[in-house]
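Trainee: Would you mind keeping the following structure in view while I ask a few things?
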Amino acid sequence: MAMYTQRSTLTQKVLGYGGLAVVLLIVLIPYGYIALTAFKPAEEIFDVRWLPRAWSLDAWRYAIEFEQFHVYIYNSMIAGLGAAVLALCVAVPGAYVFGRKQFRGKDVMFYIIVMALLFPFVLLVVPFTILWVKIGLYDTMPGLWLAYQVFIIPFAIWILRAYFAELPPFLEECAMVYGCTAFKAFWRVMLPLAKPIITSLMFLAFLVGWNDFLFSNMLTTGEGPRTASVIIYVSAVGGERVEWDVLMVMTLMAGIPPVLLYIVAQGQFLKTFAVRGH
Amino acid sequence: MARQEALHPAHTLDISSALPAAAASRPRTAGSERWLIWLFLLPTVLFLVLLLWLPFLQGVWMSFHKWPFIGEPQWIGLQNYRDLFGAAYFWTTMRVTLLYSLSTALQLALALGAALVLNQSFIRLKSVWRGVMLMPYAMPPVVVGAIWMYLLDPDLGMVTHYLLSWGIISKPIYWFSDPVWAKWIIMLVASWTFWPFMFIILLAALQAIPESYYELAEVYGANPWRRFRAVTLPHIRGAMLAAVIIRIAWNLAKIEQPFQLTGGGPGYETSVLSILTYRFAYLSGDFGMAFTVGLLLILVTFVLIAPFLRGFQKQIKQARRR
């Protein structure tokens, strides 16, 4: 590593740092501008300038006191948490079996599950709406948790299966020699070993619930558990006049938590996303 | 970081075994374990059958009906399909769908550039830059859409302001309702939002390449371009193909941003197929037609990813022979 560093030429360094700067600017200019906008008083929205003339928390106060935006943030959190817990209960046992057991039709079944990743989920909006109304899940939080699973489960199985498959062979057999049942071998030995990847998936599944708009919009009404994404959509598109300063506060409130989550877990995510296709 | 990875060796994601015939030879399962296998599989299978495949089949059935939100569905055979292919907006929709899918190429370019830069050993504070780059993807797409609605606003947006004051445009452009610009804007905003997904996959692939390969290439006198061609590219080709396949499918299926930014308009200029589905389902309440469009979306998606899927399978076969 150290030797390689010395061999980087000046040209390489200039190109490297130049490229880095360009990419960072592409990302940071929009974010920087809206972050500052959130601290402008309402009358300053109409001139384009970076720093507010007078710093103000009015937009934040308005978003929370008048729009009750924290309630929707709370809804998003519950939506994400429920989705994550449900997804793990379903996908971890399934992925374990795909990763470590032999049975007939395994490869075909796994292929079908992974192909579901490519399925355009917008199609499900129609049958879901009809079915959810019929079975009383429409406009409820459990209805949302259930709907998110179609995104999460195929992805979770895909990633978890590979992890389980690469743990050392014969672990369960050893545990069973020491008197564990097949289930106990899974519960006491394999599950603790898979903790890092399960945590990582838990974050990702949470983000699916937090970030979703498609189902959250279609399967809830104004009286039901609306999530922050839906409210942002409605505030940006619904009314005649958009309160930009308030909207930018909302985008920060809904946008920053997932970013923090990504930053906290990014090393883990990087490993989770490591596709081995060579 | 490097230490940590050494402690947890290789739990990389092996998609190659997604294909049949990859099963490793493990000891045969004892009969007493059967119950565990089927019990563990049951929730997954049940969820996917009930939540994905049955609704999908129901939808196919619906596409042969005039199926209103309220009222009795009525069998009309292939009429929805005839209506769709004969409609004036059909070609507009197909054209803009293809244009929109090109956003994948833009995402790949940006992601590859950023990943190559961050993989250079001389760059400091890598994890900070990586965190910044992940921001657009981490946030809800609707949030990113709202941000761009503000920045691109013709009256008080930053972009319009600077373009005017630098003399690049002479009067404000209504980006989201302009028939020429709207389709480009939704494509650009989608690229800006989703490129970090490819970035994180490519970066992970780059970091898995052993340093010694580069050293060897350098000993043989390979210049940076040759090193990229001979070492980097072959090692990340699989990850690249996988990322492209997933992104094409997801870009075409994600409706948040076009829906929020343009609502599919002006006219049908930005009604990519997924938006058209949503328009029929949500605005016209014509569920049969919505699903007809949806099936076409599946078809288009698979036509677009087919060449990459073939490339990916070839890649895996080669890897196995090695």
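Trainee: Using alpha carbons only, how many angstrom separate the centre of the range A:178-249 from the centre of the range B:259-279?
Mentor: Spelled out, the Cα-based centre of one part sits 25 Å from the other.
Trainee: Determine the shielding of peptide A:22-30 by partner chains: average, over its residues, the number of Cβ atoms on other chains within 10 angstrom of each Cβ.
Mentor: 6
Trainee: Hey, another quick one. How large is the convex hull of the C-alpha atoms of the range B:202-322 per residue, in Å³?
Mentor: 139 Å³
Trainee: Another question about this same structure. How high is the relative contact order of the range B:66-212, in percent, counting Cα pairs under 8 Å that sit 6 or more residues apart?
Mentor: 34 percent
Trainee: When Lys and Arg each count +1 and Asp and Glu each count -1, what net charge do the other residues less than 15 Å away from A:V249, Cβ to Cβ, add up to?
Mentor: Net charge in that neighbourhood comes out at -4.
Trainee: Taking chain B as a Gaussian network, where each spring joins two C-alpha atoms under 10 Å apart, which residue of B:W148, B:W184, B:W166 fluctuates the most?
Mentor: For chain B, modelled as a Gaussian network with Cα springs under 10 Å, the answer is B:W166.
Trainee: Once you have a ≥ b ≥ c as the square roots of the Cα gyration tensor eigenvalues for the protein assembly as shown, tell me rounded if a/c is under 1.5, and otherwise prolate or oblate according to whether a/b is larger than b/c.
Mentor: Cα axes put the protein assembly as shown in the oblate bin.
Trainee: Still on this structure, I have one more. In whole Hz, with x marking every Gly and Pro, tabulate ³J(HN,Hα) for the range A:155-166 from phi via Karplus 6.51 cos²θ - 1.76 cosθ + 1.60, θ = phi - 60°.
Mentor: For the range A:155-166, the Karplus curve yields 5, 5, 5, 4, 6, 5, 4, 4, 5, 4, 4, 8 Hz.
Trainee: Listed here are the pairs A:K271/B:K183; A:K106/B:K254; A:K195/B:K254; A:K40/B:K254; A:K106/B:K317; which of them are more than 24 Å apart at the Cα?
Mentor: Cα-Cα > 24 Å for A:K271/B:K183; A:K106/B:K254; A:K195/B:K254; A:K40/B:K254; rest within.
Trainee: Along the Cα-to-C-beta direction of A:C89, a point sits 7 Å from the Cα; which residues of the range A:119-146 have their amide N less than 16 Å from that point?
Mentor: A:141-146
Trainee: Follow-up question, since we're still on this one. Among A:I45, B:V60, B:F228, flag the residue with its Cα farthest along the positive direction of the charge dipole of the protein assembly as shown, charges on Cβ as +1 for Lys/Arg and -1 for Asp/Glu.
Mentor: Checking the options against the dipole of the protein assembly as shown, the answer is B:F228.
Trainee: So, one more: From the gyration tensor of the Cα coordinates in chain B, what semi-axes in whole Å does the equivalent ellipsoid have, largest first, with each one equal to sqrt(5λ)?
Mentor: Over the Cα atoms of chain B, the ellipsoid semi-axes are 39, 33, 18 Å.
Trainee: Would the range B:138-186 count as rounded, prolate or oblate if I go by the C-alpha gyration tensor, calling it rounded below 1.5 in a/c and otherwise prolate when a/b exceeds b/c, oblate otherwise?
Mentor: Note, shape of the range B:138-186 comes out oblate.
Trainee: Sticking with this structure for a sec: Can you return the aspartates and glutamates within cross-link range of B:K66? Criterion is Cα-Cα under 20 Å, with same-chain partners fewer than 8 residues away left out.
Mentor: B:D83, B:D286
Trainee: Related question: Would you mind ranking A:I130, A:I113 by Cβ crowding within 10 Å, fewest neighbours first?
Mentor: A:I130, A:I113
Trainee: Which of A:M202, A:M176, A:M248 ends up with the largest GNM mean-square fluctuation for chain A, with Cα atoms connected below 10 Å?
Mentor: Largest GNM mean-square fluctuation: A:M176.
Trainee: For the range A:95-202, place one equal point scatterer on every Cα, skip the solvent, and apply the Debye formula. What is log10 of I(q)/I(0) at q = 0.17, 0.18, 0.22 Å⁻¹?
Mentor: Log-scaled intensity ratios, in q order: -0.91, -0.96, -1.14.
Trainee: With a bin width of 5 angstrom, please list the P(r) values of the range A:1-117 as percents of all Cα-Cα pairs, from the 0 bin to the one holding the largest distance.
Mentor: Values per bin, smallest distances first: 2, 8, 9, 9, 8, 8, 8, 10, 13, 13, 8, 3, 1, 0.
Trainee: Taking just the alpha carbons, could you work out the radius of gyration and Dmax for chain A, both in angstroms?
Mentor: Considering chain A through its Cα atoms, Rg and Dmax are 23.6, 74 Å.
Trainee: OK, next. Which whole-Hz couplings ³J(HN,Hα) result when phi for each residue of the range B:286-298 is put into the Karplus expression 6.51 cos²θ - 1.76 cosθ + 1.60, θ = phi - 60°, listed in order with x for Gly and Pro?
Mentor: Calculated HN-Hα couplings, in order: 9, 5, x, 5, 4, 6, 4, 4, x, 5, 5, 4, 4 Hz.
Trainee: If you take each beta carbon of peptide A:100-107 and count the beta carbons of other chains within 10 angstrom, what is the mean?
Mentor: 5
Trainee: Turning to a different aspect of this structure: Given 20 °C and 1.002 mPa s, how large is the Stokes-Einstein diffusion coefficient of the range A:126-255 in µm²/s, with Rh as the Kirkwood radius over Cα pairs?
Mentor: 120 µm²/s
Trainee: Is it possible to state the helix-based mean residue ellipticity at 222 nm for chain B, with each DSSP H run of 4+ residues giving -39500 (n - 2.57), the sum divided by total residues, to the nearest 500 deg cm²/dmol? What is it?
Mentor: -20000 deg cm²/dmol
Trainee: Then there's this: Across peptide B:223-236, what mean number of C-beta atoms from other chains lies inside 10 Å of a residue's C-beta?
Mentor: For this peptide, the per-residue mean of nearby foreign Cβ atoms is 1.
Trainee: Continuing with this model, one more query. Name the residues whose placed amide hydrogens come within less than 5 Å of the amide hydrogen of B:G265, ignoring near sequence neighbours (fewer than 5 apart) on the same chain.
Mentor: Amide H neighbours of B:G265: B:T270.
Trainee: Which of the lysines could be linked to A:K101 by a straight reach, that is with a Cα gap under 16 Å, when you skip same-chain ones fewer than 8 residues away?
Mentor: A:K184
Trainee: Could I ask something else about it? Rounded to whole Å, give me the distance from the Cα center of the range B:86-161 to that of the range A:78-124.
Mentor: 29 Å
Trainee: Rg and Dmax of the range B:188-271, Cα atoms, in Å?
Mentor: Rg, Dmax (Cα atoms, Å): 18.6, 60.
Trainee: Same structure again: Which of B:L41, B:L116, B:L203 moves most in a GNM of chain B, Cα contacts under 10 Å?
Mentor: Highest fluctuation among the options: B:L41.
Trainee: May I pose another question? Rounded, prolate or oblate: pick one for the range A:10-56, where a ≥ b ≥ c are the square roots of the eigenvalues of its C-alpha gyration tensor, a/c under 1.5 means rounded, and failing that, prolate if a/b is larger than b/c, else oblate.
Mentor: The shape class here is prolate.
Trainee: Something else now. Name the residues whose placed amide hydrogens come within less than 5 Å of the amide hydrogen of B:H65, ignoring near sequence neighbours (fewer than 5 apart) on the same chain.
Mentor: B:I76
Trainee: With runs of 4+ DSSP H residues as the only contributors, calculate the mean residue ellipticity of chain A at 222 nm using -39,500 (n - 2.57) per run, divided by the residue total and rounded to the nearest 500.
Mentor: Helix-only estimate at 222 nm: -21000 deg cm²/dmol.
No value in this document is a laboratory result; all are computed from the given coordinates. Only a predicted model underlies this, so the values are computations on that prediction, with no experimental measurement involved. So basically every Cβ, Gly included, is an ideal-geometry build from the backbone, and we count neighbours across all protein chains shown.
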